[in-house]
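So the structure is just underneath, and the comments pick up after that.
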Amino acid sequence: MKVLSLLLPLALLAPAVPTAAAEPVAQSRTEGYVVDVGGPSRFPLASKGRVAPLVVSPDDFPGVVRVVGDLRDDVERVTGVRPVVRDDAVDGAVIVGTVGRSPLVDDLVRRGKLDVSGLRGKWETSVQQVVQNPLPGVRRALVIAGSDQRGTIYGAYDVSREIGVSPWYFWDDVQPRKRTELHVLPGRHSQGTPAVKYRGFFINDENPQLGRWAPKFFGNGHAPGFPNGFNRHFYAKVFETMLRLKANYLWPAVWGRAFAEDDPLNHRTAKEYGVVMGTSHEAPMMRGIEEWNRHARPGVSDPYGGNGDWSFRRNQDAIKQYWTDGVKRMKEQDFEGVVTLGMRGNGDVSLPDGDGIELMQEILASQREILAREGMTDVPQVQTLYKEVQRYWDQGLRPPDDVTVVFCDDNWGNMRKLPARDLPPRSGGYGLYYHFDYVGGGRNYKWVDTNLLPNIWDQLNQSYQYGVDRLWVVNVGDLKNNELPLQFFLDYAWNPNRWPLEKLGEWERRYAAQNFGAARAAGIASVLRDYSKLQSDRKPELLNRRISGEGTTVVYDDQATPFSLTDYQEIERVTAQWQELAERAERIKRSLPAYLQDGYHQLVYYQVKASANLYALRLAEFKNLLYVAQGRASANALAAETEARFAEDQAMSDYYNNVLAGGKWQGFQTQPKIGYGDIARYGPNAPWQQPELNHEALPDEVFPAVKRIELPAVAELGVAVDGSDQWWPASSTAAVLPEFSRWQSQPGQFVDVFNRGSVPFDYSVTSEPWIRVDRPKGTVTEQTRLQVRVDWSKAPAGRTTTPITITGAGRTVRVDAVVDNTPLRPRGFVEANGYVSMEAAHATRMVGGDGVRWQVIHDLGRTGDGVEPFPVTAPSRNPDGPRLEYELTLKTSGPVTVWAHLSPRNPVLSGSGLRYAVSFDGQAPQVVDITAATGANDTTMNKQWERNTSDNVNRTATRHELGAGVHTLKFWMVDPTVVVQKLVVDTGGLKASYLGPPESKIVH
């Protein structure tokens, strides 16, 4: 027997990790090509306590030889039996090899036992096939064959996924179910050829979490001399996970890190794994900017002979030599890579030399000259149009035709530019750079996954439909915490046609089943779906920032909640949704076996539970500040509740850092998310930058701070009403509840009766008999909320104002209830409380035409679904065809304002912006450019763009004159890629709120 040693050099061995408890036997799988039951022509990968040997030729690519070791480990993880690895074929073996490189596979081809016509010459394509009598003395074998090195690697890892090993087994401690029988179904099984050639991610913004954890886990004890943790051991785990996810391309960590210097074996490790290396948009010619900062600073011995300035104008010779050395290193180390062209300023900023086209043309020409001089003209090259760099493209600059032009999102998941369909084809094609994690305005978002799958799908679909298919890369921050969106990003890049919009639910269930089994997949997928929906409404780092104003008058308040404390019971409703979600996650957690607990905690439970706790904290915090202003006795209890929620947050972080998975993730859960905005403590960048001093993020402290009041030893009546932040009897204005209407969508209005002292008191309420107060009398210690409703069967016709009198502690307060019981024969959405609110997907009619239809994208709206004209490549048009129609009934006549709540998209196509139109009945449509109207055309960093992305909505208005009665509102398509979420008609009573008012009642 020839047993092949698959031990990598000692330098490439990853450190040991805590082992998980034993797992129970798995249930039978219901899909895929590996099943639990044997049968005719099925190949027994594992059966009756034995496992198939693995065969790989030592002449194959190093990455293929290495991956067989991972397949061996995966089979052992699942079955408990370790396969033997050989370099000669035996009966019942798994043969792994690359066409044209593996003598074993090529021999099968010559014998006519394996058809590789679908593999030969393809990019990263593989097949898994049970072959009968493949070789003399071999009755049956499972062949995993690839068209190239990565094709074979992907084929091997696909078998690992089929038997139940999650790609996240290391990063999230997802343990596979034990299975004693593994049988491969007959036939050819293939994942096809990827639609996008280069697919990968950027490890960025990796402080403090990854930057604290990696040195402890991969530091000096495993890599003497390379203690910062971003060494070959760390990247070996990154590379393995990439390949398990069918990614092939990486931008390595940059902040204070230099991939080539932090461990000189990093590039060699990438080559041995078969990974394509790149560098970010700010790091040209295969050199990270940190290398320059280390070696070319003023006052430091400068090997490049320059003055240390990262300026092509002032330090051209030194920079050219620096770039030349990067290309020489790439050639000498002979690793596969994609070279970044162009130049940005040091520190991920714009160039200090300005943004003239002539300067960029000179930079590109110099870089191309260096590549030609070093004989590297055939290496793939990209120019990334990030932030200000897009201006060069907009002004007509075009890099050489073989250079891939990479378009970018606005850092918040909205593409900024796409190539027009009438552009001539480029041999280099087009790519995209996207974000799941970001540092910058309006505020960092780095803590947990806040990405909405339907939004990702929409933007990736648009990009692909416009021909962006050469290179896709996404910023994943610390990698860990963005597992779900990253896996979808890579699955979609591999085969967009496999995942149309209507199959997103299937993808979510498959993701949940991959990690936690089919039995609980639907429930877990539902939790993750609702989590992403709530999280995308408002990122957790922004829960203490209210933004108001429009255009150049946008105003930030970092000591206020964005959700209304007074209207539509908004903050209570949102917080209640989070608490209900956390309870669902908790119920699933209790049902899981022990071996799944750590993985569930990391991929589901922590982010849900900690986010729900944060919402409870913010609710208590901001109600405390309001109640302190009103002198409520309950304010102190809310201060205590805020502190308890903060303590719970810290306890969850402590568990994550020190207990979870046996302490494996020590130092990881340290990302601040509560203290943003405290300028006094953290300095001028505090409104957007994480609270951090001296590179050591202080423990989060609640900002703004809660307050306490001294209560007098008396009983004192206070009254507050729904829809107001005033209190009575102190206020000089009348206490008036929001208008009651039988057509209102909220269940009822409320009155708070509260104590401003420490002595309890009795209260009583008197009102008309048709005004129903749920607790008309009682005793108030701190406060009591009274729900007020109308008995419509007894209420007088017309519009009536009637008093509700509250007496207690020797004082009396009158609260007026305005009741509208006007007879009405409505159709469609019905006006109440001074508005009509309509979810976009609830249109009375969706009218298409000229090849355009309206597509509902579930959950894409903040309070419902989004609606978008499809196909996204449809040409712009006059507002005369495709439209959404909403039938509605108004009770009043006069001017109205229609607020369109739209997804904060950018004008990705050249032309006249991003437009829609609105009209009523037969009136002429009013055309609105949503970017010009709000001053958000420049999506690099202006305040309106910050508001739109922070709020995840772009609100624009049109004004109309209407009479009472039934009308039809028409929302017209003008440009493609406009996503409408909600339409609100303000008839004079609309209140300020974050999400807008609840949807109006509909009469069919």
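Some values worked out for this structure:
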{"quantity": "Between the stretch 587-603 and the stretch 790-848, the alpha-carbon center distance in angstrom", "calculated": "46"}
{"quantity": "Computed over the stretch 313-404, Cα set: Rg, Dmax in Å", "calculated": "13.2, 38"}
{"quantity": "Normalised contact order of the chain, rounded percent, pairs of Cα under 8 Å and 6 or more residues apart", "calculated": "9"}
{"quantity": "Total formal charge among the other residues, if their Cβ is under 13 angstrom from that of LYS707, Lys/Arg +1 and Asp/Glu -1", "calculated": "0"}
{"quantity": "Shape parameters for the stretch 717-821, alpha-carbon atoms, Rg then Dmax in Å", "calculated": "13.5, 44"}
{"quantity": "Alpha-carbon centroid distance for the pair the stretch 35-92 / the stretch 697-766, whole angstrom", "calculated": "69"}
{"quantity": "Compactness relative to 2.2 N^0.38 Å, alpha carbon Rg of the stretch 463-510", "calculated": "1.22"}
{"quantity": "Simple spin-label estimate for GLU388 and ASP355 in nanometres, 7 Å along Cα-Cβ", "calculated": "0.7"}
{"quantity": "Of every Cα-Cα pair in the stretch 439-556, the percent that sits beyond 22 Å", "calculated": "43"}
{"quantity": "Hz values of 3J(HN,Hα) by residue in the stretch 264-280 - Karplus curve (6.51, -1.76, 1.60), Gly and Pro given as x", "calculated": "x, 8, 4, 5, 4, 5, 4, 5, 5, 7, x, 9, 8, 9, x, 9, 6"}
{"quantity": "Kirkwood-Stokes translational diffusion coefficient of the chain, alpha-carbon pairs, 37 °C, 0.692 mPa s, µm²/s", "calculated": "105"}
{"quantity": "Bins of 20 Å from zero: percent of alpha-carbon pairs in the stretch 198-508", "calculated": "33, 61, 7, 0"}
{"quantity": "Peptide ranges 744-751, 67-74 listed from the most packed, as the mean C-beta count within 10 angstrom indicates", "calculated": "67-74, 744-751"}
{"quantity": "Percent RCO, i.e. relative contact order, over the stretch 177-329, from Cα pairs under 8 Å lying at least 6 residues apart", "calculated": "17"}
{"quantity": "MRE, 222 nm, helices only [DSSP H, n ≥ 4, -39500 (n - 2.57), over the chain, to nearest 500]", "calculated": "-8500 deg cm²/dmol"}
{"quantity": "For the stretch 828-1003, alpha-carbon Rg over 2.2 N^0.38 Å", "calculated": "0.97"}
{"quantity": "Alpha-carbon centroids, the stretch 483-527 and the stretch 942-997: separation in whole Å", "calculated": "32"}
{"quantity": "Around GLY989: net Lys/Arg minus Asp/Glu count, Cβ-Cβ under 15 Å", "calculated": "-3"}
{"quantity": "Cβ crowding within 10 Å averaged over residues, with 391-399, 58-66 ranked highest first", "calculated": "58-66, 391-399"}
{"quantity": "q = 0.24 Å⁻¹, the stretch 371-463: log10 I(q)/I(0) [Debye, one scatterer per Cα]", "calculated": "-1.25"}
{"quantity": "Ellipsoid equivalent to the stretch 965-1004 - semi-axes via the Cα gyration tensor, in Å", "calculated": "21, 17, 11"}
{"quantity": "Convex hull volume per residue in cubic angstrom - Cα atoms of the stretch 192-326", "calculated": "129"}
{"quantity": "Relative packing of peptides 666-672, 640-646 - highest average C-beta neighbours within 10 Å first", "calculated": "666-672, 640-646"}
{"quantity": "Formal net charge of residues neighbouring GLU550 (Cβ-Cβ distance under 9 Å; K, R +1; D, E -1)", "calculated": "+2"}
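None of the figures in this text is laboratory data; all of them are computed from the coordinates on show. Small disclaimer: the values here were computed from a predicted structure and weren't measured. Counting neighbours? That spans all protein chains shown, and the Cβs are built from the backbone with ideal geometry, glycine included.
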